[in-house]
Amino acid sequence: MVYIMEIYTDGGCRGNGQPGAIGAAAAAFKKEMELTAIILALQRALEKVDELDTNPYLNVKIYSDSRYAINCMTNWIYKWVKNGWITAAGNEVANRDLLQEASDLDDRLAELGDVEYIWIPRENNQYADRLCTEDMDEQ
């Protein structure tokens, strides 16, 4: 049996780069919030697996309107790991802690099935965007 999960993510940050910036998950920069949204999606998928009575093959699709987050998880992370977390420009990779956490969670899910990261246009991600905005409004 295949268990399909489709998770839509979004991350936001008001006052990006300014003291007292408010993000949907914490005070942080927008790119950090986009990666945090991916981490939350991966954590939720693992929690859902623990709730299941069976051990199905997973087909997890994580949607984001962040090209940065999608590229991190589908392309760049493999190069950075291979290069010791150094970019092509010779700099340390930004947000390494978040990327390593996301990679570890991705590895755990991948042992149970397929994990796919899919970029979608912002206008197709309005529900996740609204939830993110509501969360920031409550802070």
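Just so it is clear, none of the values below were taken in a lab; they were calculated from the coordinates. This structure is a prediction, so every number in the text was calculated from the model and none was measured. Positions of Cβ are backbone-derived with ideal geometry, glycine not excepted, and every protein chain shown enters the neighbour counts.
What full-extension length gain, to one decimal in nm, is calculated for GLU123 and ASP107 as 0.36 nm per residue of separation minus the Cα-Cα distance?
Working: separation 16, 0.36 × 16 = 5.76 nm, distance 2.99 nm.
Gain in length upon complete extension: 2.8 nm.
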remark   = Distance in nm between GLU6 and ARG67 label points, each 7 Å along Cα→Cβ, equals 2.4
